[in-house]
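First comes the structure, then the notes that go with it.
The values are calculated or read from the model by the stated rules, or taken from the named source; none is laboratory data. Keep in mind the model is a prediction, meaning the values are calculated, not measured. Cβ placement follows ideal geometry from the backbone for every residue including glycine, while neighbour counts extend to all protein chains displayed. Each accessible area value is taken on the protein alone, full model and side chains, heavy atoms only, with ligands, DNA and RNA left out. Shrake-Rupley method; radii C 1.70, N 1.55, O 1.52, S 1.80 Å.
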Amino acid sequence: MKDLKLGLKLFTNQLDLYKHKAIELWKQKKFSYIEVFVNPDQLNFLPDWENFKNKYSIPFTIHAPQYSEGVNLSQKEFETENKRIYAQVKDYAKALDVMYIVAHCGMDGTIEETVRQLNNIDLPAQVNVENIPYCSRRHPNMYCQGSIVEEIKYVKNNTSCGFCLDVGHAFCSAVKLGFDQYKYMEKFNNLKPDCYHLSDGRINEKHDVHLHLPNGDYDWQRIMNILNSDKNMTLETILKSSSTLDDIQGFEQDVTYLNSLEHRIAQAIS
């Protein structure tokens, strides 16, 4: 059986910090692609990323900026700034020839406005909208668009977008809404995600914590039996621009754990 297609997520300003370790992990086949989170106004890092990709022939995906970075697709008053920042996302996407772009649907506002803006953004790769928790620790008084199954389905039905299923985010929404966590994640999975985001967490917590695997209490065997293991799975366990090299050691732990688990599942099936 082949290993999972796992992704290493890094921020645009982290290449110098992680370059040598990333090359080592790439040569060891610890990951299949890099997902770059595009911080706004960091085009100065793009030439180094492009050279890095060209030298090592690493596939890339992109995570677009979100509300904390000044982007909000669900509110019309953000549209001018959204377009300005997404123009930078487009530059990264073209230079890195990305497979797809992951995007959040926005905060407060309406899902209809999200759809309108997504349909008016010109990008060189498919956008996969990501489900996010019902409520945000950083913005507790705001509603997170795309946190329930029906909203993601609405976006898929009214745009050309695909879907990125974040397992932890689905669990968080389920806790807030009073649903069974695994059954609610399975409802999201029935929308046929194009890719996944994985991190560990606390099963009864409404806020995500993005722990390394298996440092939380999610049942990963049960999760992996639900997910489509042929799809890209980005490990979202390095989530700060100020992360240290210790965090990428945790990434190695994540990879070893998931691939070992997947092999055990495959053996049990056979």
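Assorted remarks:
- The calculated FRET efficiency for Asn228 paired with Asn259, based on their beta-carbon distance and R0 = 22 Å, is about 0.85.
- Among Lys19, Lys27, the order of accessible area from largest down is Lys27, Lys19, computed with a 1.4 Å probe on protein heavy atoms.
- Whole-number D in µm² s⁻¹ for the chain, Kirkwood Cα-pair radius fed into Stokes-Einstein, 37 °C, 0.692 mPa s: 175
- Across the protein chains, with a 1.4 Å probe defining accessible surface, the residues Thr80, Thr12 rank Thr80, Thr12 from largest area downward.
- Amide hydrogen neighbours beyond the local backbone of Val102, cut-off 5 Å, H modeled: Ile62, His63, Ala64, Asn128
- Stretchable slack from Asn13 to Ala266, in nm (0.36 nm times residue separation minus alpha-carbon distance): 87.3 nm
- Accessible surface for Cys135 stands near 20 Å², nearest 10, in the context of the full protein assembly shown (1.4 Å probe).
- Within the accessible area of segment 128-270 (1.4 Å probe), percent carbon and sulfur: 45
- Accessible area of the chain divided out per residue, in Å², using a probe of 1.4 angstrom: 44
- Extending 7 Å from Cα along the Cβ direction at Arg137 and again at Gln42 yields two label points whose distance is 2.0 nm.
- Inter-part distance, segment 25-88 to segment 126-203, computed on C-alpha centroids, equals 21 Å.
- Take Tyr100: with every protein chain present and a 1.4 Å probe, its accessible area is about 20 Å².
- Size of segment 133-270 as Cα extents on the principal axes (Å, biggest first): 40, 37, 30
- Helix-only [θ]222 nm of the chain, DSSP H runs n ≥ 4, -39500 (n - 2.57) each, per residue, nearest 500: -13000 deg cm²/dmol
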